[in-house]
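The values are calculated or read from the model by the stated rules, or taken from the named source; none is laboratory data. Owing to the predicted nature of the structure, the values given are computational and were not obtained by experimental measurement. Here the Cβ positions follow ideal geometry from the backbone for every residue, glycine too, while neighbour counts run over all protein chains shown. Note: accessible area is taken over every heavy atom of the protein model, side chains too, but ligands, DNA and RNA are not part of it. Shrake-Rupley method; radii C 1.70, N 1.55, O 1.52, S 1.80 Å.
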Amino acid sequence: MNSIILGQQEVYPANPNLWSFKKVDDIVNGINLRLSNMASGFPFEFNGTTWADSERLYLCGEYSDNTTRHRLIQQELIGSTSGYAAKRFIKSQYRKEVRDDFPTFRLQWMLFCVWQKCKGNSDFQRLLLSIPEGVTLVENTTTDKWESAEIWGCKNLELHNSRMNLKKTLISRHKGWKKKDLDMLLNLETNKLNDVGEWRGQNNIGKILMICRHCIANGTEPLVDYELLRNANIHILGKKLTF
């Protein structure tokens, strides 16, 4: 996957072979793209701990100095009710205590975290392998307000607006439908509309998922910069990671 460069700004013209995902129930071409770090149902073991999702392992890297304070924050993150809650409530509370140098190694740390989930959960492996070769994965962060939205994903406001207009039309045409049935229709039909506008952003989550999919399919390992991670002196629950 030499053509994939983490940290590089991208412009992707919208096309049928570009699959975007946002919500954990997004269905594209019959596949439920539960690819978000926050998606539940893909637990894995790492460093003697069971992680309910890769989001909480990643967030622990933000608070990975060898201090009692950071260890206590990590415990709060791990014990939160979901990956979303960990980011939305716990990280927001301790935002000023994130490691100052975290941006220098966050991309490689994310690649490492997602790969741990891939290695540790066969269901997630099967999900990635169900996505055809040649598909470009993009995390849709168009409406996200996080400061890192265009680092991890891409934005396409033109497509977003077109999907919202389609959604309004479908709702108007199917008045009286049960909510469950209407929600499924909206999911399927709006995700079919994918040839409008351009996606702009670094798309590092999409890139990392494509790297991991390629490695699983070929029995190889991602080229994680382990020297960078070792030099970052990352501690998880009081234990220094040696990689």
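Remarks
- Taking label points 7 Å from Cα along the Cα-to-Cβ direction, Asp101 and Trp146 give a separation of 2.4 nm.
- Greater than 28 Å apart at Cα, pairs in Lys87/Lys119; Lys119/Lys145; Lys145/Lys175; Lys91/Lys240: Lys119/Lys145; Lys145/Lys175
- Inter-probe distance in nm under a simple model that places probes 7 Å from Cα toward Cβ, at Asn47 and Leu170: 4.1 nm
- Pairwise centroid distance, computed over Cα atoms, of region 33-53 with region 205-221, Å: 17 Å
- Accessible-area rank, largest first, for Tyr63, Tyr84: Tyr84, Tyr63, with all protein chains present and a 1.4 angstrom probe.
- Gain on full extension, evaluated as 0.36 nm per residue between Val135 and Asp65 minus their Cα-Cα distance, stands at 21.4 nm.
- Exposure ranking of Lys207, Lys91 by accessible area [1.4 Å probe, largest first]: Lys91, Lys207
- Over 35 Å [Cα-Cα, the chain], rounded percent: 16 percent
- Taking a point 7 Å out from the Cα of Gln75 in the direction of its Cβ, the residues of region 220-243 whose backbone N falls within less than 16 Å of it are 236-239.
- In a fully extended conformation the segment linking Leu6 and Asp123 would gain 39.6 nm over its present Cα-Cα distance, using 0.36 nm per residue.
- The Cα center of region 146-200 and the Cα center of region 73-107 differ in position by 29 Å.
- Diffusion coefficient (Stokes-Einstein, Kirkwood radius over C-alpha pairs, 25 °C, 0.890 mPa s) for region 183-243: 157 µm²/s, rounded to a whole number.
- Rg ratio for region 1-90: its Cα radius of gyration over 2.2 N^0.38 Å, N being its residue count, equals 1.34.
- Overall dimensions of region 106-243, expressed as equivalent-ellipsoid semi-axes from the Cα gyration tensor (√(5λ), whole Å, largest first), are 36, 18, 15.
- Paramagnetic reach from Asp25 in region 184-222 [backbone N under 20 Å; point 7 Å along Cα→Cβ]: 184-193
- Here the label points at Ser82 and Asn231, each 7 Å from Cα along the C-beta direction, are separated by 3.9 nm in the simple model.
- Charge tally around Ala85: other residues with Cβ under 12 Å, Lys/Arg +1 each, Asp/Glu -1 each, net +1.
- Rg/Rh for region 154-200, where both radii come from Cα atoms and Rh is the Kirkwood radius: 1.04
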